[in-house]
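Trainee: This is the structure I want to talk about, given as structure tokens.
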Amino acid sequence: MPNEKVKKKEYPVFALTDFKNFEALFAKLCAQKENPFYLRLSQNTRDFINVFTAGTVVGKNSKVSFCNDCNNIIQQPDLYNQLSAFYGNQRFESQLSAVTKRFLEEASPILNISTESLKNAELVRIQWLNLSVLIDLYPQEIRRIIRKSSLQAWVEAFVVALALVVFLRTFFFQIYKIPTTSMLRTLAPGDKIFVSKLVYGPKVPFTPLRLPGFRKPERGEVVVFIPPKDRNKAYIKRLIGMPGDRVLIKDGNVYLNGKIMVDPRVARNYYYNQGEYGKEQKEIIVPAGYYFFLGDNSINSQDSRYWGFANEKDIIGKAIFIWWPFDRIGMIE
């Protein structure tokens, strides 16, 4: 139904960028000073048009004033009647497009109602009628108020969405897909998770700087980071050793500073003596500014036992939540 289309349209607003050539529009208005549209313009705008000559540069203040005038004019319900009386009804209507005539048919019962008395849907009909009339009378100058083409609008929306995603991904969170079995049974291959960057503080791109976080990483947490041996990949492991800790793997258990770790997130897993930093009876000390990580599935995990320690600067964030697949949705412990 035509009425439904009118109701659903978002009414556009004049802006400076909607006019390609103010000079051409003002030149046209100079020659039509009895036009009711011209007479509706503010005194400031008309004063400028009155002294406008070829080669005159239209200043920003005049452009802004004209845009504001247009936004006011097209909301006035009797504009169509004044233009019709000025041009002569038959001559005027012969210039109107089919679209404008459709808007006229919808708006005709409310043309003589004051703006203050109009309901929202009625005002929208009047606005679109006046806008369509002006497009018919000033096709080159006014058509650009149909704010940018659909392609431009799509590109703008895409750019804004992309910028928002980049901003959120850089400073708030990252979506990470589990690639291997190294964190079974906590995380399975194909799990998609949210990684919070805010907890530990996000890094500022292209700089060594990190914004303040809520706290430092804590033992037992599942953390995403860049390992020292492969700078092109992000690893996800469980944090075992903090700076200054002494770590020993013995009989499948992890000993921290001489005491067996009883944290259930760690104690439930069997850890194998593998790699240069995970040899049997070899206690290692975590350097200042570094962390020691192990995978829950120790038999199939390339972790700190092989490549040593991850730099605090390479921490990306804390693994928070599995959001896919559906049957595995839940918090990460």
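Trainee: Taking Cα pairs under 8 Å and at least six residues apart, what relative contact order does the chain come out at, in percent?
Mentor: 14
Trainee: Please report the accessible area of Met331 (heavy atoms, 1.4 Å probe, ligands and nucleic acids excluded) in Å², nearest 10.
Mentor: Its heavy atoms expose roughly 120 Å² to the probe.
Trainee: Let me cross-check Glu156: its accessible surface, 1.4 Å probe, with only protein heavy atoms counted, in Å² to the nearest 10?
Mentor: Rounded to the nearest 10, that gives 90 Å².
Trainee: What is the Å³ per residue value for the convex hull set by the Cα atoms of segment 203-333?
Mentor: 127
Trainee: Here's something else I'd like to know. Let me check I have the definition right: for segment 1-128, take the eigenvalues of the Cα gyration tensor, multiply each by 5, take square roots. What are those semi-axes in whole Å, largest first?
Mentor: That gives 28, 17, 14 Å for the three semi-axes.
Trainee: What are the principal axis extents of the Cα atoms in the chain, in Å, biggest first?
Mentor: 102, 46, 30
Trainee: So what does Thr53 come to for accessible area, using a 1.4 Å probe and Å² rounded to 10?
Mentor: For Thr53, the solvent-accessible surface is approximately 80 Å².
Trainee: With 31 Å as the limit, write out which pairs from Lys192/Lys250; Lys282/Lys313; Lys33/Lys119; Lys60/Lys119; Lys259/Lys313; Lys233/Lys279 have Cα-Cα distances beyond it, or answer none.
Mentor: Lys192/Lys250; Lys33/Lys119; Lys60/Lys119
Trainee: How long are the semi-axes of the equivalent ellipsoid of segment 201-245, defined as square roots of 5 times the Cα gyration tensor eigenvalues? Whole Å, largest first.
Mentor: One finds semi-axes of 19, 16, 10 Å for segment 201-245.
Trainee: Here is a further query. What three numbers, in Å, describe the spread of the alpha carbons of segment 157-264 along their principal axes, ordered from the longest?
Mentor: Result for segment 157-264: principal-axis Cα extents of 57, 31, 26 Å.
Trainee: Another one. Going Cα to Cα from Lys203, which aspartates and glutamates come in below 16 Å? Please leave out same-chain ones fewer than 8 positions away.
Mentor: Glu312, Asp314
Trainee: Hey, another quick one. Lys/Arg Cβ at +1, Asp/Glu Cβ at -1, dipole of the chain taken about the Cα centre: which of Pro287, Phe19, Ile126 is farthest positive-ward?
Mentor: Pro287
Trainee: Ok, one more. Roughly how many percent of the accessible protein surface of segment 91-142 is carbon and sulfur, given a 1.4 Å probe and a whole-percent answer?
Mentor: 50
Trainee: Still on this model: Which helices of the chain meet both criteria: a Cα extent of 30 Å or more along the helical axis and a mean Kyte-Doolittle score no lower than 0.0, with helices taken as whole DSSP H segments?
Mentor: Membrane-span-like by this rule: 150-171.
Trainee: Now for a separate question. Give me the distance between the Cα centres of segment 240-272 and segment 71-116, rounded to whole Å.
Mentor: The two parts, judged by their Cα centres, are 81 Å apart.
Trainee: To continue, here is another question. List the extent of the Cα atoms of segment 164-212 along each of their three principal axes, largest first, rounded to whole Å.
Mentor: Cα extents, longest axis first: 34, 21, 18 Å.
Trainee: May I pose another question? How big, on average over all directions, is the shadow cast by the Cα convex hull of segment 30-86, in nm²?
Mentor: 4.0
Trainee: So, one more: Give the ranking of Val166, Val58, Val160 by solvent-accessible surface, highest area first, calculated with a 1.4 Å probe.
Mentor: Val160, Val166, Val58
The values are calculated or read from the model by the stated rules, or taken from the named source; none is laboratory data. Since the model is a prediction, treat every value here as computed from it, not as a measurement. Cβ: placed from backbone, ideal geometry, glycine included. Neighbour counts: every protein chain shown. Accessible surface is based on the protein model in full, side chains and every heavy atom, while ligands, DNA and RNA are left aside. Shrake-Rupley method; radii C 1.70, N 1.55, O 1.52, S 1.80 Å.
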